[in-house]
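Heads up, the thing below is written out as structure tokens.
What follows draws every value from the coordinates through simple rules; no lab data is involved. Just so it is clear, the model here is predicted, and its values are computed rather than measured. Heads up, the Cβs are rebuilt from the backbone with ideal geometry, glycines too, and the neighbour counts pull from every protein chain shown.
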Amino acid sequence: MKLSFRTISQDEHHFQEKYNDVDFRGIVRKKKDTIAFLDAKISGKIPLVCDRCAEEFEENLNEHLEMLISDGFYDGSDENYDIIEAENGLIDFEIILQGELNLIKGDYHYCSHCVEKDTDFTI
Ligand SMILES: [Zn+2]
């Protein structure tokens, strides 16, 4: 789903995007002329590979996402939120979701077996 920057006002615009078993939904609203605020939830399941035993497993997602979207190039940063740039005046929720999923996949993940072992070890 894509939303044109021009059509966004200060009212909440609901959006929903789905990718395999992942559900991405929330609202966007205009904060400033060229900045929109996104408040969303990512839920569902994604396949991950355990960093310890290399087994594939499914992780339940329940992420709250808040970020700013700039209409075009944004020079600078924000103290509170990540800022992404919308290309061609379009907010592409599929790309935002893919980016977030890639971030999640890029983290370290342990499957439930390895997490248990880890807990045993610490105790
Ligand atoms: Zn494992």
So how much slack lies between E66 and A54, counting 0.36 nm per residue of separation and subtracting their Cα-Cα distance, in nm?
1.2 nm
Given Cβ charges of +1 for Lys and Arg and -1 for Asp and Glu, the option among H13, G106, L48 whose Cα lies farthest towards the positive end of the dipole of the chain is H13
Past the 26 Å Cα-Cα mark, which pairs from K2/K30; K41/K117; K18/K105; K30/K105; K2/K41?
K41/K117; K30/K105
Give me the net charge for the shell around F73: Cβ to Cβ below 12 angstrom, other residues only, Lys and Arg +1, Asp and Glu -1.
-4
Tell me what the chain gives for mean residue ellipticity at 222 nm when only DSSP H runs of n ≥ 4 count, each as -39,500 (n - 2.57), the sum divided by the residue total, rounded to 500 deg cm²/dmol.
-6500 deg cm²/dmol
Helix 93-106 axis, angle to the chain major axis (alpha carbon atoms, nearest 10°):
30
State, to one decimal in nm, how far the label point of M1 lies from the label point of D39, with both points 7 Å from Cα in the Cβ direction.
1.7
